[in-house]
Amino acid sequence: MRVMTTRMSQPVVRRPNLPLTATDEAELAQLRDSPELRASLAAMVASAPNVEGDVSEAVLLHAVLEAGFAAVRAHQEAAGYQQLAADYVGDSQQRRRMSRRRSPVWANES
């Protein structure tokens, strides 16, 4: 068993059980033992465990969960920006159609 050198930055509200597959276990072991992978995790999540030293499995899993939440938020923001761009293109096309139908301001001058 490893000694916890990093603690949670906020109070823990609940400790749920988490089913892990053999692949999950292997990836967590790689993440726990690889300073490069932990540095990548730290780049994604502010509360990621230190690159050096031992860390508890709970803290490591929490950092991975936060990275997943951040990825979901980033995906949602990208989808929102795509929708804004689509709306803007649609609005600009309608504005062009309307401006073609209007007579110019100077047309009424005699």
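The values are calculated or read from the model by the stated rules, or taken from the named source; none is laboratory data. Note that the structure is a prediction, hence the values are computed from the model and not measured. Heads up, the Cβs are rebuilt from the backbone with ideal geometry, glycines too, and the neighbour counts pull from every protein chain shown.
Among the residues of the range 20-34, write down those that are more than 23 Å from the chain's Cα centre (by Cα) and either touching a residue at least 12 places away in the same chain (Cβ under 8 Å) or part of a loop (DSSP other than H, G, I, E, B) (or both). Result: Thr21, single match. Of all residues in the range 90-110, none are surrounded by 10 or more Cβ atoms within 10 Å (Cβ to Cβ), at pLDDT 75 or above and assigned to a helix (DSSP H, G or I).
Give the residue that is modelled with the highest pLDDT, with candidates limited to residues of the range 8-59 that are surrounded by 13 or more Cβ atoms within 10 Å (Cβ to Cβ), more than 22 Å from Arg73 (Cβ to Cβ) and of a type in the set (S, T, N, Q). Applying the filter and picking the extreme gives Ser34. Total residues in the range 64-89 satisfying the condition of being of a type in the set (Gly, Ala, Ser) and at pLDDT below 90: the figure is 2.
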